[in-house]
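Worksheet: one structure, shown below.
Read-outs throughout are calculated quantities, based only on the coordinates presented, and are distinct from any laboratory measurement. It should be emphasised that the depicted structure is a prediction, and the values quoted were computed from it without experimental measurement. So basically every Cβ, Gly included, is an ideal-geometry build from the backbone, and we count neighbours across all protein chains shown.
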Amino acid sequence: MTDIIYTRPAKTRMQQRGIRKSDIPIILACGTKIDGETYFMRNRDANREIEIRKREIQTLSRLANRKVVIRDGRVITAYPSSSNDQKRTLRRGRQKGLVK
């Protein structure tokens, strides 16, 4: 459902009701499908998705400053990166034109 077409009345009602176009794909992806035409974002659906994102945020926070080295599709090593290692790694990436 990448190409969603909005009728003029739908655009008007959405504006009146504070529903953005960017909200519709979220409801379609996370809400409960009632029938072939109707999707409903229940409190249960919203709470489930919030918990998923909270876990994702916790994981991202835990993985900050970690480094993984992959060679030939294999993980060679993974470790917490010191500030000196981070600077060296980023400098090397900039020299190769891979990091801005």
Exercise. May I ask for the angle, rounded to the nearest 10°, between helix 83-95 and the longest principal axis of the chain, with both axes built from Cα atoms and the value confined to 0 to 90°?
Key: 80 degrees
Quiz item: Distance from the Cα centre of the range 1-32 to that of the range 35-98, in angstrom?
Solution: 29 Å
Exercise. Any chance you could give the angle, 0 to 90 degrees and rounded to 10, that helix 8-17 forms with the longest Cα principal axis of the chain?
Key: 70 degrees
Quiz prompt | FRET efficiency, 1/(1 + (r/R0)^6) with R0 35 Å, evaluated for residue 46 and residue 86 via beta carbons | solution = 0.40
Quiz item: To the nearest 0.05, what FRET efficiency results for residue 37 and residue 14 with a Förster distance of 25 Å applied to their C-beta separation?
Solution: 0.90
Quiz item: For the chain, what does -39500 (n - 2.57) per DSSP helix run (n ≥ 4), summed and divided by total residues, give at 222 nm, in deg cm²/dmol to the nearest 500?
Solution: -16500 deg cm²/dmol
Quiz item: What FRET efficiency comes out for the pair residue 28/residue 55, r = Cβ-Cβ distance, R0 = 25 Å, nearest 0.05?
Solution: 0.65
